[in-house]
Amino acid sequence: SQAKVFDKDQKVTTTFKDVAGLAEAKQEVEEIVEFLKQPAKFTKLGGKIPKGALLVGPPGTGKTLLARAVAGEASVPFFSMSGSDFVEMFVGVGASRVRDLFKQAKEKAPCIIFIDEIDAIGRARGKNPNFGSNDERENTLNQLLTEMDGFDTNSGVIILAATNRADILDRALMRAGRFDRQIHVELPDLKERGEIFKVHLRPLKLGEDVKVEFLSKQTPGFSGADIANVCNEAALIAARRNRDAVTKQDFLDAVDRIIGGLEKKNKIIS
Ligand code: ATP
């Protein structure tokens with residue numbers, strides 16, 4: 001199959017300014033930005049630059065955003081793929097795509113490789129009763145491990161991966177010299193939700209009754225992605241109501257709508 005398997009973004013514009021909250025996670029990836037910008041500073045003292053870090057946290061909390069911002073801050077290309085794109089592949093295809101990805105990335109180093117939903121390929125081996133031990137997912141995972149072991153840490157390629165299920169990952173992925181660092185990306189608290197609202201309110205034309213603190217209080221348990229949705233939905237609702245600005249009531253209705261959507265999603269899951 002010729003399905004698109006990885007994306008290449010040579011000119012990333014996302015920076016840490018676009019990532020609200022996540023102070024600790026940002027601080028941890030800051031070091032990766034430094035590695036990418038000035039590798040010699042670290043390697044001349046004999047240090048080994050880490051090959052990869054695993055971003056762990058619930059859906060919509062900004063893992064992809066943060067990975068992209070690392071590339072943007074370091075001004076390096078961003079190669080990305082999603083583990084879920086590999087599950088339905090013909091024998092040999094997944095592994096060869098992984099090989100291709102690493103080959104192209106090495107040519108463009110320094111750069112970032114980002115693997116979203118790594119659990120789709122990185123589940124512990126031999127745990128799925130529906131597949132034999134030679135299923136394509138496993139071949140893909142083995143190729144990924146081979147690629148990670150096969151390049152020099154100082155080649156300038158850093159691999160970031162994201163998952164919300166670190167518990168089901170094959171231990172081999174977490175071994176030294178692979179994803180030996182975990183960075184936790186959690187749901188935002190009240191104050192962080194305010195910071196995320198500020199980012200996503202920026203492009204909107206707001207009525208005078210819209211207050212960030214009020215919106216943060218109305219949205220406990222919301223992820224950054226949910227908040228981005230609320231802001232966009234509120235703007236669409238306001239437009240439908242032929243308003244000149246987005247009002248508090250539009251936000252309240254948008255919050256209701258998003259909560260409705262979340263409840264539906266939870267019902268399907270449970
Ligand atoms: P998933 O696990 O579902 O892939 P994710 O953790 O990778 O989710 P993103 O795809 O990065 O989440 O987030 C989706 C969108 O939500 C972002 O593009 C951004 O608009 C918004 N968002 C999420 N977190 C934040 C944040 N901390 N600050 C600002 N915006 C955020």
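The values are calculated or read from the model by the stated rules, or taken from the named source; none is laboratory data. None of the values given here were measured: they were computed from a predicted structure. Methodologically, a virtual Cβ is constructed for each residue, glycine included, from the backbone with ideal geometry; neighbour enumeration extends over all protein chains shown. Protein only, heavy atoms only, side chains kept; ligands, DNA and RNA dropped before computing areas. Shrake-Rupley method; radii C 1.70, N 1.55, O 1.52, S 1.80 Å.
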Taking the range 16-56 as the search range and keeping residues that are β-branched (Val, Ile, Thr) and at pLDDT below 90, which one is most open to solvent (accessible area, probe 1.4 Å)? 43
Candidates 76, 12, filtered to the one that is in a loop (DSSP other than H, G, I, E, B), touching a strand residue (DSSP E or B) at 6+ places or on another chain (Cβ under 7 Å) and within 14 Å of the ligand (Cβ to nearest atom): 12
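Within the range 191-223, can you find the residues that are open to solvent by 30 Å² or more (accessible area, probe 1.4 Å) and within 11 Å of the ligand (Cβ to nearest atom)?
First, the residues of the range 191-223 that are open to solvent by 30 Å² or more (accessible area, probe 1.4 Å): 191-192, 195, 198, 200, 202-206, 208-209, 211-214, 217-218, 220-221.
Listed by number, the residues that qualify are 192, 195, 198, 200, 202.
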Among 117, 107, which is modelled with pLDDT of 90 or more, within 16 Å of the ligand (Cβ to nearest atom), open to solvent by 40 Å² or more (accessible area, probe 1.4 Å) and not small (Gly, Ala, Ser)? 117
Restricting to the range 92-124, name every residue that is touching a Leu at 6+ places or on another chain (Cβ under 8 Å) and of a type in the set (Gly, Ala, Ser). 122, 124
Is there any pair with a first residue in the range 57-73 that is modelled with pLDDT under 95 and assigned to a loop (DSSP other than H, G, I, E, B) and a second that is more than 7 Å from the ligand (Cβ to nearest atom) and aromatic (Phe, Trp, Tyr) whose Cβ atoms are under 8 Å apart and which are 6 or more apart or on different chains, and what are they? none
